[in-house]
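Please read the structure below before turning to the comments.
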2 protein chains.
Amino acid sequence: MHNFNSGPSILPQEVLAQTANAVIDFNNIGLSILEIGHRTNWFVDVMEEARALVKELMQLNEHYEVLFLHGGATTQFMQVPMNLLDNNATAAYCDNGVWGSKAIKEASVFGHVNVVASSKDKNYTYLNKNFTVPQDCTYLHLTSNNTVEGTQWHQFPTTNTPIVADMSSDIFSREINFNLFSLIYAGAQKNMGAAGVTLVVINKNILPKTNRNIPAIMNYQNHIDAGSLLNTPPVFAVYVTLLTLRWIKKEGGLAIMQKRAEQKSSLLYQTIDELPIFHCPIQKEDRSNMNAVFYMQDENLQNLFLNVCKENGMIGVKGYRTMGGLRISMYNALPLESVVAITDLMKDFANKN
Amino acid sequence: MHNFNSGPSILPQEVLAQTANAVIDFNNIGLSILEIGHRTNWFVDVMEEARALVKELMQLNEHYEVLFLHGGATTQFMQVPMNLLDNNATAAYCDNGVWGSKAIKEASVFGHVNVVASSKDKNYTYLNKNFTVPQDCTYLHLTSNNTVEGTQWHQFPTTNTPIVADMSSDIFSREINFNLFSLIYAGAQKNMGAAGVTLVVINKNILPKTNRNIPAIMNYQNHIDAGSLLNTPPVFAVYVTLLTLRWIKKEGGLAIMQKRAEQKSSLLYQTIDELPIFHCPIQKEDRSNMNAVFYMQDENLQNLFLNVCKENGMIGVKGYRTMGGLRISMYNALPLESVVAITDLMKDFANKN
């Protein structure tokens, strides 16, 4: 099968094999990964190796802490302003799609929001290039890759304001100077592992930013002080992340992930642009290397195309429920062969229709 | 090995085998449980069966909704008052151990707390029998089984105030009239599955109790409206819970779980009480059938005893980090043979020392 799911999505086959083994017998200790205490050396070693690999792969400097927290990015939509935004303070937000909009809504529960950039006027088909962040903003929030709309920041805004980025759908897919960000978060279920854990990378200098009385489990500082073991963590999901991080390192790190992503997305976008029956509305320089969002010129052909995909073992090609159209996700674990297979099928379908 | 861990803890062997298979190939669809979208029929069926099994096993009436949410009980310490307790309102809390105390602390972030019962005076070695809940209290919160201290409510307080219970460590271990509770929550990693998901059972009539502007991801009503699929749930952890619930039903439901728990705990407490080198400080009628907490009369023997346990493949016997002493957890999946094995070892140890 070819798995183009947008998330939860494809994982490396060897990670799945190692995971299945650990469910039966973790590290040959005679117990399942699901049955060991989170404060045993067995699991503390898992957590520490995973945190160290994140630091290594992202080349983070000594100011950064790495946390693995319960929940998904949606929890961070709340947790970020709860920790960083005072009632009377203002945060700058970029409004470039469904998820960014949800983040804005949550921030407004805690303080003021200034939408400093929005591409809503053109249905989120591009990213804003020139905008300024007022000096009084506590932080600037953006979504590095818009999973639903198919855009990706290839050049990040330059600002003195601390940047907070939701990197859920392109984390570990490219080389970036991650030290330019004050806080990065990413749900695991795309490039990193299984749903149920979120990576949070924090520049410690950004804490504390608020005098709010923060519930213990939501307080970043508590998690930092506890070495990401404040309460029982999502043990299994952290372990799958560790295996995936090991795989990324073994394959050659972020440089190789980026090279592969560019190969796959170039082939796909070239095919879309060359075939008149397909149409990608996203401005070329903003197109995502992770999620290609496109449409059929003749809407009536869409169901036929989706059926042909299904018959050929290609799943996850349908667009986001509120968007319609088509979406092909090309995360780290998706082999080039899958993109070759679907572009061949697209060409064949175009010839026949 | 004999796994007496307090959580994450032992799971049924057949659940582990089924889980490992699903990590490679879920339901023979050619994809891993980790790679399927949460809005596919494949996963929606998992979620719906799990929710229905909870209702069936707990014999809940039509007023109840079943949710599987991210995080552990610690998240619920915050989420319960965030949803139910207004700034100026008061909630009644029972203070019977480490976890209940943490729940009290979190509730006080949101409103007023009235500690209506506490066994702190005798180091949490008993549960309060006669206490009243003032009429003006929004709800009464208690911990049905105190994992760290080794006490368990065998008879719940009678009150007109809605009862909220943390049942993390004895959920599905006994027959209770669950319809007497307004809200029940339980982290999965003891009797129910893998860490990273929490069961929340709500009597809908208790919502909404507050005018607070609740962050979207924390609002119970949002999760109810979305059928427990508000955002990407912890897919894997929900699936392991489903397999465990199926196992509980197949074995004979809560009546059988209770019978086995009573068999195991009777044997263990009888052994402790008969052997002068051991000592259980918990008042007899309040002793937990899940977690037996006890001490050695001669503290110097404790490390020797723990070493003998380890040599005999018995793990998880050490008490909670702040408590010292010994603790043997006997969750649903622990076979009677494991309790027989450790009581034999205790008798042998007593003879030799």
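The values are calculated or read from the model by the stated rules, or taken from the named source; none is laboratory data. Only a predicted model underlies this, so the values are computations on that prediction, with no experimental measurement involved. Cβ: placed from backbone, ideal geometry, glycine included. Neighbour counts: every protein chain shown.
Residues that are surrounded by fewer than 16 Cβ atoms within 10 Å (Cβ to Cβ) and polar (S, T, N, Q) number at least 2 in the following helices (runs of 4 or more DSSP H) confined to the stretch A:245-353: A:254-274, A:302-311. Being of a type outside the set (D, E, K, R) and either without any contact (Cβ under 8 Å) to a residue 60 or more places away in the chain or not assigned by TED's automatic domain parsing to the domain that holds B:LEU60 (or both) is a property that does not hold for B:PRO208.
From the set of residues in the stretch A:126-155 that are farther than 14 Å from A:VAL116 by Cα and either at pLDDT below 95 or surrounded by fewer than 20 Cβ atoms within 10 Å (Cβ to Cβ) (or both), which is nearest to the chain's Cα centre (by Cα)?
Just the residues of the stretch A:126-155 that are farther than 14 Å from A:VAL116 by Cα, to begin with: A:126, A:144-155.
So of that shortlist, the ones also either at pLDDT below 95 or surrounded by fewer than 20 Cβ atoms within 10 Å (Cβ to Cβ) (or both) come out as A:126, A:154-155.
Numbers: A:TYR126: 19, A:HIS154: 15, A:GLN155: 17 Å.
Only one residue tops the list, namely A:HIS154.
When B:THR151, B:THR125, B:THR143, B:THR161 are checked against the criterion of being more than 14 Å from chain A (Cβ to nearest Cβ), touching a residue at least 60 places away in the same chain (Cβ under 8 Å) and touching a helix residue (DSSP H, G or I) at 6+ places or on another chain (Cβ under 7 Å), B:THR151 stands alone in meeting it.
For residues that are within 16 Å of A:VAL339 (Cβ to Cβ) and aromatic (Phe, Trp, Tyr), tally how many sit in the stretch A:272-304. Let's see the steps before the verdict.
Here is the first cut: in the stretch A:272-304, the residues within 16 Å of A:VAL339 (Cβ to Cβ) are A:272-275, A:278, A:280, A:287-294.
Those still in the list that are aromatic (Phe, Trp, Tyr) too: A:278, A:294.
Final tally of qualifying residues: 2.
Take the conditions out of contact with any strand residue (DSSP E or B) (no Cβ under 8 Å at 6 or more places or on another chain) and in the same structural domain as A:ALA237 (by TED's automatic domain parsing) and apply them to A:THR158. Does it pass? Show your work before the answer.
Details: out of contact with any strand residue (DSSP E or B) (no Cβ under 8 Å at 6 or more places or on another chain): yes; in the same structural domain as A:ALA237 (by TED's automatic domain parsing): yes.
Answer is yes for this residue.
Every test in (1) part of a helix (DSSP H, G or I); (2) more than 9 Å from chain A (Cβ to nearest Cβ) is passed by B:ALA237 save one, and that test is (2). Scanning the stretch A:320-333 for residues that are farther than 23 Å from B:GLY30 by Cβ and small (Gly, Ala, Ser) returns A:GLY324, A:GLY325.
For the stretch B:161-198, which positions are under 21 Å from B:THR132 (Cβ atoms) and either out of contact with any strand residue (DSSP E or B) (no Cβ under 9 Å at 6 or more places or on another chain) or part of a loop (DSSP other than H, G, I, E, B) (or both)? Across the stretch B:161-198, the qualifying residues are B:THR161, B:PRO162, B:PHE181, B:SER182. Residues that are of a type in the set (S, T, N, Q), in contact with a Leu (Cβ under 6 Å, 6 or more places away or on another chain) and either under 30 Å from B:VAL23 (Cα atoms) or modelled with pLDDT under 95 (or both) do not occur anywhere in the stretch B:159-182.
Return only the number of the condition from (1) more than 30 Å from B:GLU14 (Cα to Cα); (2) away from chain A (no Cβ under 14 Å) that B:MET323 does not satisfy. Answer for B:MET323: the failing condition is (2). Just one of the numbered conditions (1) in contact with a strand residue (DSSP E or B) (Cβ under 6 Å, 6 or more places away or on another chain); (2) more than 29 Å from A:TYR331 (Cβ to Cβ) is not true of A:PRO208: (1). Among the residues here, A:GLN221 qualifies as in a helix (DSSP H, G or I), assigned by TED's automatic domain parsing to the domain that holds A:THR75 and either within 21 Å of the chain's Cα centre (by Cα) or not aromatic (Phe, Trp, Tyr) (or both).
Okay, residues lined up against (1) more than 14 Å from chain A (Cβ to nearest Cβ); (2) of a type in the set (S, T, N, Q); (3) more than 19 Å from B:HIS154 (Cα to Cα):
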| residue | (1), (2), (3) |
| --- | --- |
| B:ALA186 | no, no, no |
| B:ILE206 | yes, no, yes |
| B:ARG212 | no, no, yes |
| B:GLN221 | yes, yes, yes |
| B:GLN263 | yes, yes, no |
| B:ASN289 | yes, yes, no |
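Hey, could you check the stretch A:26-47 for residues that are in a loop (DSSP other than H, G, I, E, B) and charged (D, E, K, R) and say which is farthest from B:GLU14 (Cα to Cα)?
In the first step, residues of the stretch A:26-47 are kept if they are in a loop (DSSP other than H, G, I, E, B); the result is A:29-40.
With charged (D, E, K, R) added as a condition, the list becomes A:35, A:39.
Details: A:GLU35: 14, A:ARG39: 25 Å.
Out of the qualifying residues, it is A:ARG39.
Hey, does the stretch B:101-116 have a residue that's assigned to a loop (DSSP other than H, G, I, E, B) and either more than 14 Å from chain A (Cβ to nearest Cβ) or crowded, with 22+ Cβ neighbours inside 10 Å (or both)?
Step one: of the stretch B:101-116, the residues assigned to a loop (DSSP other than H, G, I, E, B) are B:111.
Filter once more, so that each one left must be either more than 14 Å from chain A (Cβ to nearest Cβ) or crowded, with 22+ Cβ neighbours inside 10 Å (or both): none.
The answer is no; no qualifying residue exists.
Remark: pairs (first residue in the stretch A:294-309, closer than 20 Å to A:TYR269 by Cβ; second residue exposed (fewer than 11 other Cβ atoms within 10 Å of the Cβ); Cβ separation under 8 Å; 6+ apart in sequence or on different chains) = A:GLN297/A:PRO276.
Against the conditions (1) within 11 Å of chain B (Cβ to nearest Cβ); (2) part of a helix (DSSP H, G or I); (3) out of contact with any Lys or Arg (no Cβ under 6 Å at 6 or more places or on another chain); (4) not hydroxyl-bearing (Ser, Thr, Tyr), A:PHE77 satisfies every one except (3).
Exactly one residue out of B:VAL66, B:VAL15 is in contact with a helix residue (DSSP H, G or I) (Cβ under 6 Å, 6 or more places away or on another chain), buried (at least 19 other Cβ atoms within 10 Å of the Cβ) and in a helix (DSSP H, G or I), and it is B:VAL15. So which residues in the stretch A:127-151 are closer than 26 Å to A:ARG51 by Cα and part of a strand (DSSP E or B), if there are any at all? Residues satisfying the conditions are A:TYR139, A:LEU140, A:HIS141, A:LEU142, A:THR143, A:ASN145, A:ASN146. Among the criteria (1) within 13 Å of chain A (Cβ to nearest Cβ); (2) farther than 22 Å from B:LEU245 by Cβ; (3) free of Cβ contacts under 8 Å to residues at least 60 places away in the same chain; (4) not aromatic (Phe, Trp, Tyr), the one B:ASN96 does not fulfil is (1).
Residues of the stretch B:24-47 that are without any contact (Cβ under 8 Å) to a residue 12 or more places away in the chain and either hydrophobic (A, V, I, L, M, F, W, C) or surrounded by 14 or more Cβ atoms within 10 Å (Cβ to Cβ) (or both): B:ILE24, B:ASP25, B:LEU31, B:SER32, B:GLU35, B:GLY37, B:THR40.
Restricted to the stretch B:80-100, and to residues there that are in a helix (DSSP H, G or I) and either at pLDDT below 95 or among the β-branched types (Val, Ile, Thr) (or both), the residue that is surrounded by the fewest Cβ atoms within 10 Å (Cβ to Cβ) is B:VAL98.
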